Ligand SMILES: NC(=O)C1=CN([C@@H]2O[C@H](COP(=O)(O)OP(=O)(O)OC[C@H]3O[C@@H](n4cnc5c(N)ncnc54)[C@H](OP(=O)(O)O)[C@@H]3O)[C@@H](O)[C@H]2O)C=CC1
Ligand SMILES: CCCCCCCCC/C=C/C=O
């Protein structure tokens, strides 16, 4: 019999998550029945959405949700899945779990042995797809346009900037440290700045693109978005992807309000959730993998070692300690 380690939400987060909000437990797994598989998590993902989704979907004592798991099949009583195969699943913060195979996604057949499988949680996974859908379907980016993205050195933002370059756009990004800004320039951003140290966000946005922005891929919301909206060009498009600057608020932030620039510049603003765009998954993963293999889409991963450090990796990512995709290697 296998004993799995799991992390549960011990106490709903109040403000910024703390280590004491989590508890690690041991769970004995039953023997496999016909049609079932035993999987071992190899890499687990920590993502910002776990913070707002925990409030919306979870109760205290539940296993931490939503993470995608790049897993290895260790035992199989299902002829469709061979032992040793790697898959992606959404089974939460667990070292091991049993599946009937219906909730598993195989990595693309063309995935080379040399490519880290953890990329199926990042650049060639849900965050990469978020960038793909947000830019191509929500912003409807066109060659020659100027794209702005915040949280630009993270899992989604770093792909947004590079896809915009592949699509023939000028790209401006901002991030929360000078080393992240240097990374953005390294991967091809035309302009990048540290939003924590500029004297004026308004001035930094104007200086980076004096003519304004056609597309704004917003990962942050709050004050940044309220200022950026005044820098949109006529008929600009805003993809509302995330609002990480608001996830830990106990008291909702207040305006400034956005209606006047929306009207004067006839802007379009659309929120989206990547999982609603599952019909673009196959096409998106194929395109992202191709660009990675061609060297046009670079990636960086912030790897935290050991399952025991899941809460620390999650909290660190929310604080901005990650460059690229934050993952945990079990
Ligand atoms: N709509 C959808 O379907 C999806 C939405 N998302 C959203 O996209 C955004 C990025 O996610 P992801 O790429 O996975 O995460 P990241 O890898 O970008 O990690 C989060 C980053 O957010 C930045 N950050 C944290 N707090 C603040 C703040 N107060 N103001 C500005 N930046 C902050 C930090 O970078 P820094 O050092 O630059 O501050 C941190 O590294 C999130 O808002 C997430 O919720 C993600 C996936 C799907
Ligand atoms: C319950 C696990 C599902 C994983 C899918 C993730 C969808 C992310 C949507 C993100 C929203 C904001 O961050």
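Quick note: the coordinates plus some simple rules give every number you see, no bench work behind them. Just so you know, these numbers come straight off a predicted model, no measurement behind them. Quick reminder, even Gly has a Cβ in these numbers, built from the backbone with ideal geometry, and neighbours come from all protein chains shown.
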Residues that are more than 9 Å from the chain's Cα centre (by Cα) and assigned to a helix (DSSP H, G or I), drawn from segment 140-159: 158, 159
Would you confirm whether or not segment 94-114 contains a residue that is within 16 Å of ligand 2 (Cβ to nearest atom) and within 17 Å of the chain's Cα centre (by Cα)? no
If I ask for residues that are part of a loop (DSSP other than H, G, I, E, B) and closer than 29 Å to residue 35 by Cα, which ones from segment 99-115 would you list? 100, 101, 102, 103, 104, 107, 108, 109, 110, 111, 112, 113
Restricted to segment 40-75 and to residues being assigned to a strand (DSSP E or B) and away from ligand 2 (no atom under 16 Å from the Cβ), the residue nearest to residue 94 (Cα to Cα) is 40
Residue set 140, 117, 165; condition in contact with a strand residue (DSSP E or B) (Cβ under 7 Å, 6 or more places away or on another chain), within 28 Å of residue 43 (Cα to Cα) and more than 10 Å from ligand 1 (Cβ to nearest atom); output residue 117
Filtering segment 250-281 down to residues that are part of a loop (DSSP other than H, G, I, E, B) and in contact (Cβ under 8 Å) with a residue 40 or more places away in the chain, which residue is farthest from ligand 2 (Cβ to nearest atom)? 250
Looking at residue 56 and the list (1) within 16 Å of ligand 1 (Cβ to nearest atom); (2) free of Cβ contacts under 8 Å to residues at least 40 places away in the same chain; (3) over 15 Å from the mean Cα position of the chain (by Cα); (4) over 30 Å from residue 229 (Cβ atoms), which single condition is not satisfied? (4)
With (1) within 22 Å of the chain's Cα centre (by Cα); (2) part of a helix (DSSP H, G or I) as the list, and residue 20 as the residue in question, which single condition is left unmet? (1)
Please find, within segment 226-237, the residue that is nearest to residue 275 (Cα to Cα) out of those that are within 13 Å of ligand 1 (Cβ to nearest atom) and either out of contact with any strand residue (DSSP E or B) (no Cβ under 9 Å at 6 or more places or on another chain) or without any contact (Cβ under 8 Å) to a residue 40 or more places away in the chain (or both). 226
Given (1) touching a helix residue (DSSP H, G or I) at 6+ places or on another chain (Cβ under 7 Å); (2) within 18 Å of residue 305 (Cα to Cα); (3) assigned to a loop (DSSP other than H, G, I, E, B), identify the lone condition not met by residue 92. (1)
Which condition does residue 137 not pass, out of (1) assigned to a helix (DSSP H, G or I); (2) surrounded by fewer than 16 Cβ atoms within 10 Å (Cβ to Cβ); (3) more than 16 Å from ligand 2 (Cβ to nearest atom), if it passes all the others? (3)
Against the conditions (1) within 16 Å of ligand 2 (Cβ to nearest atom); (2) within 30 Å of residue 283 (Cβ to Cβ); (3) over 17 Å from the mean Cα position of the chain (by Cα), where does residue 222 fall short? Just the number, please. (2)
